[in-house]
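Encoded as structure tokens, the structure appears first; notes follow it.
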Amino acid sequence: LAPERGDTHNNYGTFLCRSRKYQDAIKHFMAATRDVEYLDTASAYENAGLCAELIPDRQLAIQYFEAALRQDPSRPTSVLGLAEVNYDLRHYQASSGYLNQFLIISPATPEAKALRAKLKTKGIET
């Protein structure tokens, strides 16, 4: 009904990602970011990052999470995503930094607590 609307692309991309059609989902998230009237491009980038994590393509996830934060620096999901991806890449100091940033802008979640515990096993205190 609205093939050029960013919100339509973002919503359909979310459906596709949940359906494990990751590449197609990311195409729709990127289409959402190109709609100059769509006001929540940070959400589309964040969703693309979450979907890229599922591929898994960690470098692509980092790219999208960083783009989301350039649009809206207070997105806790993107900050935690960067913490988790950096942990997976064995960039423990960076992971800790993003986790600390997350804990400043959001209450501790079970995922954040689990990441904190994993970092602690690596000798990194947050």
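The values are calculated or read from the model by the stated rules, or taken from the named source; none is laboratory data. Treat the numbers as computed from the prediction; the structure is a model and nothing was measured. Note: ideal-geometry Cβ built from the backbone for every residue, glycine included; neighbour counts use all protein chains shown. What goes into the accessible areas is simple: the full protein's heavy atoms, side chains included, and nothing from ligands, DNA or RNA. Shrake-Rupley method; radii C 1.70, N 1.55, O 1.52, S 1.80 Å.
Any residue in the range 1-14 that is under 10 Å from residue 43 (Cα atoms) sitting within a Cβ distance under 7 Å of a residue that is outside any loop (DSSP other than H, G, I, E, B) and modelled with pLDDT of 95 or more? List the pairs, counting only those 6 or more apart or interchain.
That search, which allows pairs on different chains as well, returns 10/29; 10/32; 10/43; 10/44; 10/47.
Do we find that residue 44 is in contact with a His (Cβ under 8 Å, 6 or more places away or on another chain), modelled with pLDDT of 95 or more, over 19 Å from residue 105 (Cβ atoms) and open to solvent by less than 60 Å² (accessible area, probe 1.4 Å) in this structure?
Judged against the criteria, residue 44 is a match.
Working only within the range 105-116, note down all residues that are in contact with a helix residue (DSSP H, G or I) (Cβ under 9 Å, 6 or more places away or on another chain) and aliphatic (A, V, I, L, M).
Within the range 105-116, 105, 108, 112, 115 qualify.
Quick check on the range 21-37. Is at least one of its residues free of Cβ contacts under 8 Å to residues at least 60 places away in the same chain, in contact with a helix residue (DSSP H, G or I) (Cβ under 8 Å, 6 or more places away or on another chain), of a type in the set (S, T, N, Q) and open to solvent by 50 Å² or more (accessible area, probe 1.4 Å)?
Checked against the condition, which is being free of Cβ contacts under 8 Å to residues at least 60 places away in the same chain, in contact with a helix residue (DSSP H, G or I) (Cβ under 8 Å, 6 or more places away or on another chain), of a type in the set (S, T, N, Q) and open to solvent by 50 Å² or more (accessible area, probe 1.4 Å), the range 21-37 yields no hits at all.
Quick test for you: out of 71, 93, pick the one residue that is within 16 Å of the chain's Cα centre (by Cα), of a type in the set (S, T, N, Q), within 29 Å of residue 114 (Cα to Cα) and open to solvent by 60 Å² or more (accessible area, probe 1.4 Å).
Result of the check over 71, 93: 71.
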